[in-house]
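A.B. asks: Have a look at the structure that comes next, please.
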Amino acid sequence: MGALETGLIFGLVALGVYISFRILDFPDLTVDGSFPLGAGVAAVAIVSGVDPWIATFMATFAGALAGALTAWLNVKLGIMNLLASILVMIALYSINLRIMGKPNIALLGETTVISAVENGPIAYYFAIPMLLAVIVAVVMVLVALLLQSEFGLSLRATGSNQRMARSNGVNTGLATILGMALANALVGLAGALFAQSQGSADITMGVGVIVIGLAAVIGGEALLSTRTVVLAVIAAVVGAVLYRLAIAFALNADVIGLKAQDLNLVTALLVTIAIVLPRFKKQRSPKSKAV
Amino acid sequence: MIDVKALDVYFNRGLPIENHVLRGLSLSIEQGQFVTVIGSNGAGKSTLLNALSGDVNISGGEISIGDQRVDHLQCHQRASMVARVFQDPMAGTCEKLSIAENLALAMRRGKKRGLGWALRRQYQQQFVAALSELGLGLEKRLDDQMGLLSGGQRQAVSLLMATLQPMQILLLDEHTAALDPKTAKFVLELSEQYIRKRKLTALMVTHSMQQALDHGDRTIMLHEGQVVFDIHGPERDKMQIVDLLNLFAQTKGEQLSDDSLLLG
């Protein structure tokens, strides 16, 4: 699978992470569990003969349930948000094994969303990225529209100022649960597409997904303006694609001499740069020069 | 009509640090009345407002707004009846949302929120008109983020937001205390204007006895979780700060020790 395809799929993860971390101000590690959950649900459904689109939808729904569970632990049982997400992430490891029945499910030879276009009239190296780009674009438009709706406004108010949101009649507990469900639904969808593109679902494929999602969001913010939600949505996806391309470049350039085992080191470096970069940008801007 | 009967509020009940904040407080406010509330620190002023809005759970007593008992309703469920402005200018608005989005959020106070576009076209004119009334030039900055505004501007917008939709009671919790004197005067006059023009029922907590007498139709003083005096009409019109102090000394048999009430 190419860097562009992976980047687009992780664009969905980045959108989910943007909704939980940025919109709802909810540090959510459920992602490391809801990504393989989506992959597992989709793989099991496809192997047992379910239509791949329906299987992908089921995976999305499973992700939503995981996110809602995390938020429920936080809102209704009063467990700290980060801890609630860790609990669900750990629990999902067992749940995923139960759903999959084994640590790895191969999808080779099965009809998947991806395989359907692979054998189409257009060359597969065009068709697959195009299919993923269309899916991601549709999701981006829907998320951007939703965040500017009355419901979306109540999500954003909940993350920014709960007390004010409540006094304006927003049910902040429900908003958190629905928002987290949405965030993890996108991650579940990403997991399902990832499994179908690489031809298998694996129990360990969730490790570090949250870091990549966060890297994409922070990287996107460092490179592009996030003044409005539309720009922020674009920035998250662009961040994810550029991140995967940067990783691919770093690992493929023989001059640098990096190997696959250096991946996590490169990730850490890129995230560090992405966090530090905005500060340099600020220092170079004329406003701060004048001071 | 707001009716509070024998209201009890405890913080940390059953713990060694238990605090019995409101002790059987009763209060009845007629429709259209503008009540000012004074009292020293810890008297229970803010807790009374928080109990009315549903931010604080009550341990005993009854709260009715209109003809409806509301003590079992959560904060967001009372939003159609209660509007409020907080002491902290940052608390009443969302800094990450634009001015227009903040107003749009307040336009749906106490109503269902659907998937329709939040910044409805018909709001535009109403927002511009309402913001021009403030005279701060904010009508030209509808798309600016709330976080770019000063504390005074944000408090003025909070007040505007609170009055966009009908309510049974407006709660003002020392909403000018965090502002500089000039801005505080502006926001206070604005509040008075809104309350008079729309005949709102309002409860305004203030730390200043002078303010309490200068504004509103009725003044109540809280002390140790109860109403120690309640004055209105001609009796109140004649009163000076010193009369309030004497009244307090008479009723409680002690001197008021909180200087800030006198100096404010």
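A.B. asks: Taking segment B:73-107 only, how many residues are of a type in the set (S, T, N, Q), within 21 Å of A:ARG227 (Cα to Cα) and within 18 Å of the chain's Cα centre (by Cα)?
C.D. replies: Within segment B:73-107, the first condition is being of a type in the set (S, T, N, Q), and the residues that meet it are B:74, B:77, B:80, B:87, B:93, B:98, B:102.
Imposing the further condition that a residue be within 21 Å of A:ARG227 (Cα to Cα) reduces the set to B:93, B:98, B:102.
Pick out the ones that are also within 18 Å of the chain's Cα centre (by Cα) and you get B:93.
Total satisfying the criteria: 1.
A.B. asks: Which of the following residues is at pLDDT 95 or above, open to solvent by 30 Å² or more (accessible area, probe 1.4 Å) and either in contact with a helix residue (DSSP H, G or I) (Cβ under 7 Å, 6 or more places away or on another chain) or on the phi < 0 side of the Ramachandran plot (or both): A:ILE256, A:ILE273, A:ILE234?
C.D. replies: On the way: A:ILE256 fails: at pLDDT 95 or above; A:ILE273 fails: at pLDDT 95 or above.
Answer to the selection: A:ILE234.
A.B. asks: Using beta carbons and a limit of 7 Å, which pairs, at least six apart or on different chains, have the first residue in segment B:35-55 and more than 14 Å from chain A (Cβ to nearest Cβ) and the second one basic (Lys, Arg) and open to solvent by 10 Å² or more (accessible area, probe 1.4 Å)?
C.D. replies: Correct list of pairs: B:VAL35/B:ARG218; B:VAL37/B:LYS45; B:GLY39/B:LYS45.
A.B. asks: Go through segment A:76-173 and tell me which helices (runs of 4 or more DSSP H), entirely inside it, have 1 or more residues that are under 19 Å from the mean Cα position of the chain (by Cα) and within 12 Å of chain B (Cβ to nearest Cβ). Outline the logic, then answer.
C.D. replies: Values: elements: A:81-100, A:113-118, A:124-147, A:150-160, A:162-167.
By residue number, A:124-147, A:150-160.
A.B. asks: Read through the list (1) open to solvent by 60 Å² or more (accessible area, probe 1.4 Å); (2) small (Gly, Ala, Ser); (3) modelled with pLDDT of 90 or more, then give the number of the only condition that B:ALA178 fails.
C.D. replies: (3)
A.B. asks: Next question. Conditions: (1) under 16 Å from A:LEU131 (Cβ atoms); (2) in contact with a Leu (Cβ under 8 Å, 6 or more places away or on another chain). A:ILE23 meets all but one. Number of the miss?
C.D. replies: Every condition holds for A:ILE23 apart from (1).
A.B. asks: Return yes when A:PRO103 is crowded, with 16+ Cβ neighbours inside 10 Å and either in contact with a strand residue (DSSP E or B) (Cβ under 9 Å, 6 or more places away or on another chain) or touching a residue at least 60 places away in the same chain (Cβ under 8 Å) (or both) and no when it is not. Don't jump to the end; show me each part of the working.
C.D. replies: Details: crowded, with 16+ Cβ neighbours inside 10 Å: no; either in contact with a strand residue (DSSP E or B) (Cβ under 9 Å, 6 or more places away or on another chain) or touching a residue at least 60 places away in the same chain (Cβ under 8 Å) (or both): yes.
No.
A.B. asks: Right, next: Could you grab me the full set of residues in segment B:73-123 that are more than 17 Å from A:ARG166 (Cβ to Cβ), surrounded by fewer than 22 Cβ atoms within 10 Å (Cβ to Cβ) and either modelled with pLDDT under 90 or facing chain A (nearest Cβ under 8 Å) (or both)?
C.D. replies: Residues satisfying the conditions are B:GLY114, B:LEU115, B:GLY116, B:TRP117, B:LEU119, B:ARG120, B:ARG121, B:GLN122.
A.B. asks: Please tell me if A:ALA84 is without any contact (Cβ under 8 Å) to a residue 40 or more places away in the chain, out of contact with any Gly (no Cβ under 6 Å at 6 or more places or on another chain) and buried (at least 19 other Cβ atoms within 10 Å of the Cβ). If you could, list the steps in order and put the result at the bottom.
C.D. replies: Values: without any contact (Cβ under 8 Å) to a residue 40 or more places away in the chain: yes; out of contact with any Gly (no Cβ under 6 Å at 6 or more places or on another chain): yes; buried (at least 19 other Cβ atoms within 10 Å of the Cβ): yes.
Yes.
A.B. asks: Another question, then. Being surrounded by 24 or more Cβ atoms within 10 Å (Cβ to Cβ) and farther than 23 Å from A:GLU221 by Cβ is the filter here, so list the residues in segment A:4-33 that pass it.
C.D. replies: Scanning segment A:4-33 gives a single hit, A:GLY33.
The values are calculated or read from the model by the stated rules, or taken from the named source; none is laboratory data. What you see is a predicted model, and the numbers here were worked out from it, not measured in a lab. FYI the Cβ positions are ideal-geometry reconstructions off the backbone, even for glycines, and counts take in every protein chain you see. Quick note on the areas: whole protein, heavy atoms, side chains included, nothing else; ligands and nucleic acids left out. Shrake-Rupley method; radii C 1.70, N 1.55, O 1.52, S 1.80 Å.
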